[in-house]
Amino acid sequence: MASALIIGLVLTGCSSGISTGGYNPTTVPADFNAELTAASEINTVVVASVNLGPPSRSYLDKQAPRIDRQVTEYLKDNGYQVLPQREFSQRWNNLILVYGDPVDPTTGRVNMKTFIQIMQGVRDQMKEQTSVDAFVFTDIIEREVIFDQGINRVARWDGVSRKPALRGAGTGVSTAFNWAEPVSAASIQISIYNMDLQKLFAGVGGMELNDAVDTRSGNGFIRRREILDNDNFIQEGIALALHPLIVMDDWPGEAD
């Protein structure tokens, strides 16, 4: 069913080696079906080439292949076999010819009936032809965040804290600058489904601010030239999104 479509990975003895440096109240606890995950023998996974939800914004989606590669490496580093993404994408694209594209290119809306038909077809083929145990979906999602008031301007969301970036010829910010204006930020949502297309796990981690202070005008924010260009920030988001399936050092949420 649609509500039962994503993978579970358990490796509680491993650690990510990434630290966020203290408690962050915006940290999102994972949706983790521990009982079902324990019953699922997950050794080999594939990172899906499509979103579980609506398509990411175009300026975020162009970074999706790079982020998927980092998710793949993180899973491998923590003991999982990861099949090449083409094993998923080739079958998905072939089945689009049969059922049609589930995503409306005009509205971005997803026809879940078609999505499920294609996903079931991909599952059936990969179950027969590969060693895959689970499917990993990586959605890059957009948040609206606000900087803290006070001397130290920091935006906090989905477990991370980020200082503002600057864009433009200037180097300073006016004392009259409107810090209360919302800015765009990117997070990663990682969802895991077993071969029965039952959801085992879903987690979210913040990554990077998409907007910067416009030092040319001095009175607002503007889109950054390079979106999601900091690998350390991406890795932190991945570690947050997969905790506690893969335990993160100094996880910034409350004690499990």
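Worth a mention:
- Taken over the stretch 244-256, the residue count meeting the criterion of being open to solvent by 10 Å² or more (accessible area, probe 1.4 Å) and either part of a loop (DSSP other than H, G, I, E, B) or farther than 17 Å from LEU75 by Cβ (or both) is 8.
Let's see how each residue does on (1) at pLDDT 95 or above; (2) among the hydroxyl-bearing types (Ser, Thr, Tyr):
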site: ASP31; (1), (2): yes, no
site: THR37; (1), (2): no, yes
site: VAL46; (1), (2): yes, no
site: SER49; (1), (2): yes, yes
site: GLY53; (1), (2): no, no
site: ARG57; (1), (2): no, no
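- Test for ILE234: is it among the β-branched types (Val, Ile, Thr), assigned to a loop (DSSP other than H, G, I, E, B), within 21 Å of GLU144 (Cα to Cα) and in contact with a helix residue (DSSP H, G or I) (Cβ under 6 Å, 6 or more places away or on another chain): no
- Inter-residue pairs, beta-carbon under 7 Å, first farther than 15 Å from ALA48 by Cβ and in the stretch 100-127, second in a helix (DSSP H, G or I) and polar (S, T, N, Q), 6+ apart: GLY100/THR114
- Meeting the requirement of 3 or more residues that are modelled with pLDDT of 95 or more and open to solvent by 50 Å² or more (accessible area, probe 1.4 Å), the strands (runs of 3 or more DSSP E) wholly within the stretch 84-198 are 134-145.
The values are calculated or read from the model by the stated rules, or taken from the named source; none is laboratory data. Because the structure is a prediction, the values reported are computed rather than measured. Ideal geometry is used to build each Cβ from the backbone, glycine not excepted, and the neighbour counts take in all protein chains shown. Remember, those area values only see protein heavy atoms, side chains included, never the ligands or the DNA or RNA. Shrake-Rupley method; radii C 1.70, N 1.55, O 1.52, S 1.80 Å.
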